[in-house]
Amino acid sequence: MLVKNFNDLINIVTLLLALNNYQLINENQLFNILSEIYYQPYPQFSKKALYFRFPDFDNFIEPTNTEIAIQIGHFIEENELPFELKKISKVGAVVNQIREVDINKNIAYKIKEILEQDGYKNIRILHAIVPQDYYASVFISLHSNKADNFTSGFMISTPFKDYSGLAKKLKSALIKEYSSSTGLKFIDKVTTNMTHYYTFNWSKFKRTIHPKTPAVIIEMGNMNNKNDLNLLINHQDKIAQGIANGIKTFLKTKNK
C-alpha cells in the first residue's frame, strides 16, 4: 500500500487504530496492515526518493562473496503473496494448459546446475517475492511472454534506474550468449512492465532488490509462437546454457 501524502498516512493509521480499539480488527490484522503501508513522499525514482528509502546509499559496500540470484517469475508459495504485490499472477502466461511459471522454474534449476558444475557455489533460487532490499552480484528474473503467434525471439531489460552501472554489461553478455545457444533473435524492445518491474521498483515497493544490484529481466521466448514454445518446453538445456554462459561472461568481465 503506497502512501505519498503524510496527512493520508496519519488518517489511515488513525482509522486502523480506531478499528482495533472497537475490536473490528485484531492486533495481528492491525500489525499486518501497518507493515504493508509504504510511505514514499517523493516522485518515483527521484534522488530524494532514493535517499529516503536508502539513507546510507552512498556508503554501501558490495559484499565480497559472489552471489548469483535466479528469480523464478510468478513462482509464489501459498500465503506468500503480500498485500503490496497482490496483483501478481501466480502462474503467468498460459498456453494450452502449459504454464509459464513451470517453464521458468525448470529453467532456473537447470541454470543453477550448470553453474554449480562450472564451480560456482553461491547460487540462490528466488521466488517471485524477494527479500526486502536484497543484493546479489548478479540478479536475473526469468519470464516467458505471450505475444502474437508471428513474433519470435527474446527480450531483455535493465531497470529503469540502474545504480549498479553494470546492468547494460550484463544485458549485452546475455544477448550474445543466449542468441548463440538458442538460435533465437533478440527483440530490441522493452515495455514499462519490464523497466519498472516490481522487483526493480524500490520507489513503489518494499520487497525489491537493492538499487546497486546488477539486474535484468528476460522474456525467454514467446509462448504463442510454435517454434519458441517448442524451445521453451523441449530444449530447456539450450536456454539454461545460454543464460548460464551470459552470467559467467558478465562475472569474468564485470570489473574490466
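The values are calculated or read from the model by the stated rules, or taken from the named source; none is laboratory data. This structure is a prediction, so every number in the text was calculated from the model and none was measured. Quick reminder, even Gly has a Cβ in these numbers, built from the backbone with ideal geometry, and neighbours come from all protein chains shown. Please note that ligands, DNA and RNA were not included when accessible areas were found on the heavy atoms of the full protein model with its side chains. Shrake-Rupley method; radii C 1.70, N 1.55, O 1.52, S 1.80 Å.
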**Prompt:** Within the bounds of region 68-87, is there any residue that is part of a helix (DSSP H, G or I), open to solvent by less than 90 Å² (accessible area, probe 1.4 Å) and at pLDDT below 90?
**Reply:** yes
Selection from region 67-123 of residues closer than 26 Å to Ser203 by Cα, touching a helix residue (DSSP H, G or I) at 6+ places or on another chain (Cβ under 8 Å) and among the β-branched types (Val, Ile, Thr) yields Ile68, Ile70, Ile72, Val91
Pairs returned, first residue in region 5-32 that is open to solvent by less than 50 Å² (accessible area, probe 1.4 Å), second residue that is assigned to a helix (DSSP H, G or I) and among the polar types (S, T, N, Q), beta-carbon separation under 7 angstrom, 6 or more apart or interchain, are Leu30/Asn20
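Tally the residues that are in contact (Cβ under 8 Å) with a residue 12 or more places away in the chain and of a type in the set (S, T, N, Q), restricting the search to region 47-83. Spell out the reasoning first.
Step one: filter region 47-83 for residues in contact (Cβ under 8 Å) with a residue 12 or more places away in the chain, giving 49-50, 52-54, 57, 60, 62-63, 65-77, 80-83.
If we keep only those that are of a type in the set (S, T, N, Q) too, we end up with 65-66, 71.
Total meeting the criteria: 3.
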All-but-one check, Ser35 against (1) farther than 30 Å from Thr249 by Cβ; (2) under 20 Å from the mean Cα position of the chain (by Cα); (3) small (Gly, Ala, Ser), failing number (2)
In region 38-67, residues that are assigned to a helix (DSSP H, G or I) and open to solvent by 90 Å² or more (accessible area, probe 1.4 Å) total 4
Reported set for region 237-256 where residues are at pLDDT below 95 and open to solvent by 30 Å² or more (accessible area, probe 1.4 Å) is Lys252, Thr253, Asn255, Lys256
Within region 19-45, the count of residues that are at positive phi and of a type in the set (A, V, I, L, M) comes to 0
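This table checks each residue for (1) at pLDDT 95 or above; (2) under 14 Å from Ala147 (Cα atoms); (3) of a type in the set (Asp, Glu).
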site: Ala173; (1), (2), (3): yes, no, no
site: Glu177; (1), (2), (3): yes, no, yes
site: Thr182; (1), (2), (3): yes, no, no
site: Phe186; (1), (2), (3): yes, no, no
site: Thr208; (1), (2), (3): yes, no, no
site: Ile217; (1), (2), (3): yes, no, no
site: Leu229; (1), (2), (3): yes, yes, no
site: Leu232; (1), (2), (3): yes, no, no
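Among the strands (runs of 3 or more DSSP E) lying completely within region 117-236, list those that include at least 1 residues that are open to solvent by 40 Å² or more (accessible area, probe 1.4 Å) and touching a residue at least 40 places away in the same chain (Cβ under 8 Å).
Answer list for region 117-236: 123-126.
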For Thr208, the lone unmet condition from (1) under 21 Å from Ile123 (Cα atoms); (2) over 14 Å from the mean Cα position of the chain (by Cα) is (2)
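So which residues in region 131-154 are hydrophobic (A, V, I, L, M, F, W, C) and either over 18 Å from Ala108 (Cβ atoms) or at pLDDT below 95 (or both)?
Residues satisfying the conditions are Ala147, Phe150.
Sort out which residues of region 1-20 are in a helix (DSSP H, G or I) and polar (S, T, N, Q), and write them in order of number.
Answer for region 1-20, where residues must be in a helix (DSSP H, G or I) and polar (S, T, N, Q): Asn7, Asn11, Thr14, Asn20.
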